[in-house]
Amino acid sequence: MSTDRTMRAAKADGPHMDTLLARWAERDWLRPLDVAFADFLRREVPDASPLLILGAALASHQLGRGHACLDLAATLKDPTFALSLPPEGADTAQTDAPPHPAEVLEGLTLRDWQAALVHPDLVSRGDGVTPLVLVGPRLYLRRYWRYEQAVRAGIDTRSERLQARQAALPIAAMRPVLERLFPPARTPGQTAHWQKLACALAARSAFSIITGGPGTGKTTTVVRLLALLQALALAEPSPRQTCPGRALRIRLAAPTGKAAARLNESIAAAVAGLPLADLANGEAVRAAIPVTVSTLHRLLGSRPDTRRLRHHTANPLALDVLVIDEASMVDLEMMAAVLDALPANARLILLGDKDQLASVEAGAVLGELCGRAREGHYTPSTRDWLERATGEQIPADLVDPAGTALDQSVVMLRHSHRFSADSGIGRLAEAVNAGDPVKVRDIWTRGHADLALVALHSIEDAAFRSLVIEGTATSPPDPQRGDEALRAQTDAYPARHGYRHYLDTLRQGHPARDADASAYDVWARDVLQAHGRFQCLCALRRGPWGVEGLNQRIAGLLHGEDLIPADTGWYLGRPVLVMRNDYGLGLMNGDIGMTLRRPASGDRDWTLRVAFPAGDGQDGIKWILPSRLQAVETVYALTVHKSQGSEFSHAALVLPETLSPILTRELLYTGITRAREHLTLVRPGAAQVLEQAVQRRVLRASGLMMSPRGIGEGAEPFDENRIHGPGTGAAVGCGSASTCAASTSREQCAKVSA
């Protein structure tokens with residue numbers, strides 16, 4: 001059958017659509033879960049339009065890519081980009097390749113597709129129990145439409161309490177505490193003390209967001225905010241007695257174990273350093289601020305093999321304040337569960353960088369909620385209240401009489417303490433965030449000592465070998481590529497560490513066989529710290545410039561230098577990445593460990609162990625037998641997604657050769673800001689790849705900021721019993737793609753959308 005005939009048939013009847021979807025699944029363009037859902041709808045409603053079945057499969061596919069819904073208009077405008085089909089790394093040159101979505105959808109109008117979705121048994125506008133919900137050009141699986149409605153309703157309800165909270169807040173008592181927490185000293189050029197303003201804004205709100213880039217002091221700010229809240233609570237008499245009030249019940253949480261461990265390490269020092277000496281109840285305030293951080297799954301009480309949570313509307317969390325760090329990684333489903341489990345009068349405070357990559361699962365909640373943060377949009381009444389409460393003035397260009405209630409609860413920290421004014425990394429991050437390819441191009445001509453750009457001809461280029469082993473790379477300019485201006489300053493850069501550094505540390509510091517356990521702990525800490533001096537980051541998983549190809553290439557280069565043995569499994573010096581949470585071992589998705597050797601217990605033989613930071617804030621080390629690690633992979637190269645929440649002294653960000661749908665402004669920004677001291681950008685393709693990526697944003701299909709107030713007439717309330725536990729690996733459905741793919745019963749496949 002010709003391609004034209006295949007396209008016409010796919011639009012005309014169900015069997016051809018079933019065949020098309022099956023062929024896409026065979027090529028891994030769709031997940032088995034997506035096709036199982038479409039098959040289920042076809043069996044239940046045989047007269048459904050093929051375009052409806054196609055829409056259902058693509059809506060399920062989009063959830064797996066992080067979208068809350070299928071945007072029909074965006075899909076018709078550019079199917080390849082909107083759907084990422086064929087996926088990156090797919091071989092599309094074969095003669096028997098199935099037609100691409102762009103071919104199948106060619107000539108289809110939005111009106112025609114919407115008309116094909118009219119079916120009372122399968123699609124509604126929110127009423128009833130149909131598996132699909134159509135709102136304008138957005139097609140949802142019902143469950144995610146409910147999550148979106150629940151999140152917006154929960155935030156709106158809390159934002160509407162602002163006036164009552166503000167009226168009850170004693171400015172006369174609050175301002176002196178703020179003055180002690182934030183002494184008048186100010187960074188030169190800083191027009192307003194945004195950390196101080198953030199504390200005041202959050203103190204008057206039941207829902208607040210504090211966003212900012214790396215080094216802007218989000219952790220410092222929230223610790224001082226908690227000190228302010230506790231100081232006010234302890235100073236206020238309780239309702240039924242004249243003695244001082246009780247301390248607030250505060251819980252700290254993060255979306256992943258790795259993020260929780262990092263916050264756990266930093267918050268204790270921040271609490272200990274609070275300037276509370278002049279407060280009458282200063283030590284009581286300090287003691288009332290928790291320093292233990294939990295994952296959100298543990299906080300809400302998730303259980304293996306079920307979506308049911310222990311905490312929900314009928315059994316809310318026992319707290320007064322909940323702080324969630326790294327909130328950019330919280331997906332739509334989890335945010336709905338959090339809001340559902342909060343007591344009615346509890347505060348919710350979100351911390352995170354709005355410009356980082358969003359959650360792996362569906363939704364970009366923090367990014368959407370902070371979409372107007374840079375411009376402020378504070379009302380004149382908010383400006384006047386803040387001036388009375390803090391003595392600080394909001395810049396006039398951030399005042400907007402038409403600002404929304406949500407705008408009054410969001411504050412952006414605007415001064416980085418990590419990157420100086422002349423930092424190349426900081427300036428590059430700003431230029432990427434601004435989406436300005438001209439500024440990005442100009443930065444490479446400025447000779448910043450913390451930046452390097454390496455243009456490669458192939459993965460065999462000697463410059464790449466030099467970079468990953470020694471930390472520096474030099475190669476002659478290529479006049480045909482126009483790289484002279486970009487790379488003239490390479491030789492002037494200070495030395496940067498590569499992977500030789502940690503392997504030299506491993507060999508040179510190896511304790512004697514009869515050394516005690518503490519000596520091996522010190523050695524492990526030194527090696528792990530040395531390994532953190534350099535990390536190769538990449539955008540993709542597949543292909544020569546993805547994780548799979550680079551890990552093999554780098555291991556081969558290190559072996560060629562006699563730095564590691566042949567990669568035949570476990571070996572001395574192998575760095576590994578944990579791929580899913582293991583609560584039994586106390587390891588979390590994203591943890592990095594190092595394979596070392598030490599004497600076996602009870603004898604003098606050497607045995608391999610994997611050393612992980614204990615994450616206890618005390619520099620402890622966990623020694624794990626390799627045989628107990630069931631979900632790890634070698635990590636010479638790490639995806640930018642997996643690097644979130646981590647920092648490296650020197651990061652080498654490797655771009656793909658050609659533009660990929662995954663290569664966006666947010667990914668570049670996240671990768672760039674993983675570097676503390678040095679950043680090397682590796683460009684194997686043309687300069688246009690970087691410039692085009694800077695102009696592309698992650699536009700996750702969603703209606704969160706367009707949702708009407710509340711859940712809406714005829715819609716079910718949010719069901720708190722639907723939430724993935726850790727490590728399920730599925731974005732929708734029964735908990736695993738394999739289960740849904742094998743499903744034949746209505747009960748099993750119905751879970752995909754319900």
Within the range 424-451, restricting to residues that are open to solvent by 10 Å² or more (accessible area, probe 1.4 Å) and not in a helix (DSSP H, G or I), the one that is nearest to residue 215 (Cα to Cα) is 450
In the range 59-69, residues that are open to solvent by 10 Å² or more (accessible area, probe 1.4 Å), touching a residue at least 60 places away in the same chain (Cβ under 8 Å) and assigned to a helix (DSSP H, G or I) total 1
| said: Residues that are surrounded by 19 or more Cβ atoms within 10 Å (Cβ to Cβ) and under 27 Å from the mean Cα position of the chain (by Cα): does the range 506-522 have at least one? | reply: no
Is it true that some residue in the range 53-72 is at pLDDT 90 or above, more than 21 Å from residue 332 (Cα to Cα) and touching a Lys or Arg at 6+ places or on another chain (Cβ under 7 Å)? yes
Note: among 303, 308, just one is in contact with a Gly (Cβ under 8 Å, 6 or more places away or on another chain) and open to solvent by 40 Å² or more (accessible area, probe 1.4 Å), namely 303
Picking from 108, 76, the residue that is of a type outside the set (Val, Ile, Thr), modelled with pLDDT of 90 or more, open to solvent by less than 60 Å² (accessible area, probe 1.4 Å) and assigned to a helix (DSSP H, G or I) would be 76
Look at residue 122 and say whether it is touching a strand residue (DSSP E or B) at 6+ places or on another chain (Cβ under 7 Å) and either surrounded by fewer than 21 Cβ atoms within 10 Å (Cβ to Cβ) or modelled with pLDDT of 90 or more (or both). yes
Query raised in the report: Can residue 56 be described as aliphatic (A, V, I, L, M) and surrounded by fewer than 16 Cβ atoms within 10 Å (Cβ to Cβ)?
Result: no
Filtering the range 624-641 down to residues that are surrounded by fewer than 22 Cβ atoms within 10 Å (Cβ to Cβ) and part of a helix (DSSP H, G or I) yields 626, 627, 628, 641
Take residue 296 and decide whether it is touching a residue at least 12 places away in the same chain (Cβ under 8 Å), within 27 Å of residue 181 (Cβ to Cβ) and under 24 Å from the mean Cα position of the chain (by Cα). no
| Looking at this structure, is residue 702 modelled with pLDDT of 50 or more, closer than 20 Å to residue 337 by Cβ and either of a type in the set (S, T, N, Q) or surrounded by fewer than 21 Cβ atoms within 10 Å (Cβ to Cβ) (or both)? | yes
Out of (1) open to solvent by 10 Å² or more (accessible area, probe 1.4 Å); (2) over 18 Å from residue 222 (Cα atoms); (3) assigned to a loop (DSSP other than H, G, I, E, B), the one residue 297 does not meet is (3)
Over the range 412-462, the set of residues in contact with a His (Cβ under 9 Å, 6 or more places away or on another chain), of a type outside the set (Val, Ile, Thr) and either within 20 Å of residue 648 (Cβ to Cβ) or modelled with pLDDT of 85 or more (or both) is 423, 424, 427, 428, 449, 450, 451, 452
Checked the range 125-146 for anything among the basic types (Lys, Arg), open to solvent by less than 10 Å² (accessible area, probe 1.4 Å) and over 20 Å from residue 75 (Cα atoms); matches are 143
Within the range 510-527, residues in a helix (DSSP H, G or I) and small (Gly, Ala, Ser) come out as 517, 518, 519, 524
Condition set modelled with pLDDT under 80 and part of a helix (DSSP H, G or I), scope the range 232-258, selection least open to solvent (accessible area, probe 1.4 Å): answer is 257
From the option list 102, 97, 115, 172, single residue qualifying as out of contact with any Leu (no Cβ under 7 Å at 6 or more places or on another chain), within 20 Å of residue 38 (Cα to Cα) and either free of Cβ contacts under 8 Å to residues at least 12 places away in the same chain or assigned to a loop (DSSP other than H, G, I, E, B) (or both) is 115
Over the range 274-289, the set of residues at pLDDT 85 or above, open to solvent by 30 Å² or more (accessible area, probe 1.4 Å) and assigned to a loop (DSSP other than H, G, I, E, B) is 275
For residue 216, the lone unmet condition from (1) under 28 Å from residue 580 (Cα atoms); (2) among the β-branched types (Val, Ile, Thr); (3) at pLDDT below 85 is (1)
Expected single match for over 22 Å from residue 628 (Cα atoms) and not charged (D, E, K, R) among 600, 539, 517 is 539
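Each row is one residue, and each column tells you yes or no for (1) within 27 Å of residue 61 (Cα to Cα); (2) open to solvent by 40 Å² or more (accessible area, probe 1.4 Å); (3) in a helix (DSSP H, G or I).
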position	(1), (2), (3)
319	no, no, no
335	yes, no, yes
343	no, no, no
356	yes, no, no
368	yes, yes, yes
374	no, yes, no
383	no, yes, yes
387	no, yes, yes
Residue 395 vs (1) under 30 Å from residue 264 (Cβ atoms); (2) out of contact with any helix residue (DSSP H, G or I) (no Cβ under 7 Å at 6 or more places or on another chain); (3) open to solvent by 10 Å² or more (accessible area, probe 1.4 Å): all pass except (1)
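The rows are residues; the columns are (1) acidic (Asp, Glu); (2) touching an Asp or Glu at 6+ places or on another chain (Cβ under 9 Å); (3) more than 30 Å from residue 271 (Cα to Cα); (4) at pLDDT 85 or above.
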residue: 599; (1), (2), (3), (4): no, yes, yes, no
residue: 602; (1), (2), (3), (4): no, no, yes, no
residue: 606; (1), (2), (3), (4): no, no, yes, no
residue: 616; (1), (2), (3), (4): yes, yes, no, no
residue: 619; (1), (2), (3), (4): yes, yes, no, no
residue: 624; (1), (2), (3), (4): no, no, yes, yes
residue: 628; (1), (2), (3), (4): no, yes, yes, yes
residue: 633; (1), (2), (3), (4): yes, no, yes, yes
In the set 660, 646, the lone residue that is under 17 Å from the mean Cα position of the chain (by Cα), hydroxyl-bearing (Ser, Thr, Tyr) and either surrounded by fewer than 24 Cβ atoms within 10 Å (Cβ to Cβ) or closer than 17 Å to residue 501 by Cβ (or both) is 646
Exactly one of 467, 486, 406, 503 is within 30 Å of residue 352 (Cα to Cα), among the aliphatic types (A, V, I, L, M) and either open to solvent by less than 60 Å² (accessible area, probe 1.4 Å) or modelled with pLDDT of 85 or more (or both), and that one is 406
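The values are calculated or read from the model by the stated rules, or taken from the named source; none is laboratory data. Predicted model, so just to flag it, every value in this text is computed and none were measured. Note that each Cβ is placed from the backbone with ideal geometry, even for glycine, and that neighbours are counted across all protein chains shown. The area values use the complete protein model at the heavy-atom level, side chains included, leaving out ligands, DNA and RNA. Shrake-Rupley method; radii C 1.70, N 1.55, O 1.52, S 1.80 Å.
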